[in-house]
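Before any comments, here is the structure.
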Amino acid sequence: MTGAAAPSGPVAATYLDGVSAARQAVTIEPSGDLRRLAITLADGSVIHWPFDRLREITGGADAKRLTLALSAAEEDETGRDAARLVVTDPAAVAWFRQKVTTLDTRDLRAGTGRRVALWLGGAAAAVALMLFVILPAMADYMAAHLPVEAETALGATVMKQVEAMVGDGSGRDLVCRNPQGLAALTRLQDRLAAGAGVGQPITLSVFDSEMVNAFAAPGGQVVIFRGLLDEATSADEVAGVLAHEIGHVAARDPTRIALRSAGSAGILALILGDVSGGTTVALAGEYLMRNSYTRDAEAAADGFGLGLLASTGISSAGMADFFEKIAKDTDSMPEMMSSHPLSLARAQAARSHAAGQGPTEPALTDADWQALKAICN
């Protein structure tokens with residue numbers, strides 16, 4: 001060995017080849033270039049281990065004994081245990097620990113990276129299967145079988161979260177409660193609910209927000225934002241939007257999407273470490289406000305809404321007017337039903353439906369319409 005504390009000449013050690021259980025008496029010493037450890041076997045053959053690939057596998061637990069192995073990069077690719085070298089000479093043990101700085105380096109075994117990659121890929125596939133196949137199926141089943149009381153409770157929770165998301169942080173009540181406006185809204189609610197036949201009460205509310213939007217929540221809740229009332233020019237336009245949202249209630253789309261988003265958020269929260277539950281409800285509220293339904297669900301809600309307007313004697317021309325307005329003014333109203341496939345084609349379908357309707361009456365009287373527009377005053 002070299003160095004001030006190194007013993008002179010070869011040092012005795014014990015070698016295990018990693019194939020058999022036999023222990024061989026060997027001698028060790030630095031090679032001529034001082035970069036490798038020369039191990040002379042009993043038969044006179046010599047093998048070399050680079051110093052920078054020497055690793056201590058005993059973790060320094062025994063100060064008088066040093067067990068060395070090659071780094072993972074040098075191990076047998078078949079997965080067999082690597083060879084081991086046991087050094088008990090005190091001077092040699094001290095020299096190794098002083099001079100070979102890589103002894104405590106931890107390496108990945110050969111093939112570990114590939115195994116980790118396979119494991120991560122399998123885990124990602126399992127999460128994807130849960131998020132995009134199992135959870136949607138479970139949500140659809142639960143939405144169809146959830147008791148009305150449980151759905152109402154879910155809707156109340158989502159509505160509170162939406163109020164918190166839309167509010168300005170002051171804690172003020174967002175629900176508009178002008179008495180004359182509430183009376184007009186109740187009359188419109190009763191008229192639409194009577195023709196809806198959805199099997200659960202329909203409750204309309206107006207939130208004091210400039211967003212040009214409306215959405216349905218679980219439990220028969222339908223919300224209009226003040227910005228939509230400000231944008232609309234007639235009660236028939238508002239009735240058309242509400243009839244569409246009631247179509248989602250009839251299909252239990254809000255319950256389905258709330259369960260899906262809550263379930264997805266729950267899994268992601270566990271993965272990401274957020275177990276507070278806040279993410280779950282927040283995502284459900286956000287999805288509903290963004291009206292993130294499929295195109296099939298949107299088409300079904302359109303069809304239901306047109307039928308509801310016909311059964312209540314309200315002209316679907318108002319729905320056509322509003323859809324045309326949205327199609328023309330998309331840039332000025334980015335919040336409005338961002339995921340809806342709004343287009344002139346939908347407006348034209350409502351216009352064609354209006355042409356085939358019989359006698360109709362306005363959704364509200366002029367006085368009620370003005371009262372509804374002022375409901376947040």
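The values are calculated or read from the model by the stated rules, or taken from the named source; none is laboratory data. A quick note: this is a predicted structure, and the numbers were derived from the prediction, not measured. Neighbour counts are summed over all protein chains in view; Cβ atoms, including those assigned to glycine, are modelled from backbone coordinates with ideal geometry. Side chains included, ligands, DNA and RNA excluded: accessible areas come from the protein's heavy atoms. Shrake-Rupley method; radii C 1.70, N 1.55, O 1.52, S 1.80 Å.
Would you please give the residues with an amide H less than 5 Å from that of S234, counting only those at least 5 places away or on a separate chain, with H modeled from the backbone geometry?
Residues meeting the amide H criterion: none.
What does the charge add up to near A317, with Lys and Arg as +1, Asp and Glu as -1, over the other residues with Cβ less than 11 Å from its Cβ?
Computed value for this residue: -3.
With a ≥ b ≥ c taken as the square roots of the eigenvalues of the C-alpha gyration tensor of segment 142-220, please select rounded if a/c is under 1.5 and otherwise prolate if a/b is larger than b/c or oblate if it is not?
oblate
Could you check the simple spin-label distance between T105 and L41, using points 7 Å along Cα→Cβ, in nm with one decimal?
That separation, rounded to one decimal, is 2.6 nm.
Order the following by accessible area, largest value first: D366, D17. Probe radius 1.4 Å; ligands, DNA and RNA are ignored.
Largest accessible area first, the list is D366, D17.
Where Lys and Arg each count +1 and Asp and Glu each count -1, what net charge lies around M142 among other residues with Cβ under 15 Å from its Cβ?
-1
How much FRET efficiency would the formula 1/(1 + (r/R0)^6) give for R187 and A137, where r is the Cβ-Cβ distance and R0 is 45 Å, rounded to 0.05?
Calculated transfer efficiency: 0.65.
Using a 1.4 Å probe over the heavy atoms of the protein chains, calculate the carbon and sulfur portion of the accessible area of segment 169-233 as a whole percent.
Percent of accessible area from carbon and sulfur atoms in segment 169-233: 48.
Excluding G303 itself, calculate the net charge of residues whose Cβ lies under 12 Å from the Cβ of G303, where each Lys or Arg counts +1 and each Asp or Glu counts -1.
-2
Give a residue-ordered list of calculated ³J(HN,Hα) values for segment 312-328 (Karplus: 6.51 cos²θ - 1.76 cosθ + 1.60, θ = phi - 60°; whole Hz; x for Gly, Pro).
After applying 6.51 cos²θ - 1.76 cosθ + 1.60, I find 9, x, 9, 5, 7, 5, x, 4, 4, 4, 5, 4, 5, 4, 5, 4, 7 Hz.
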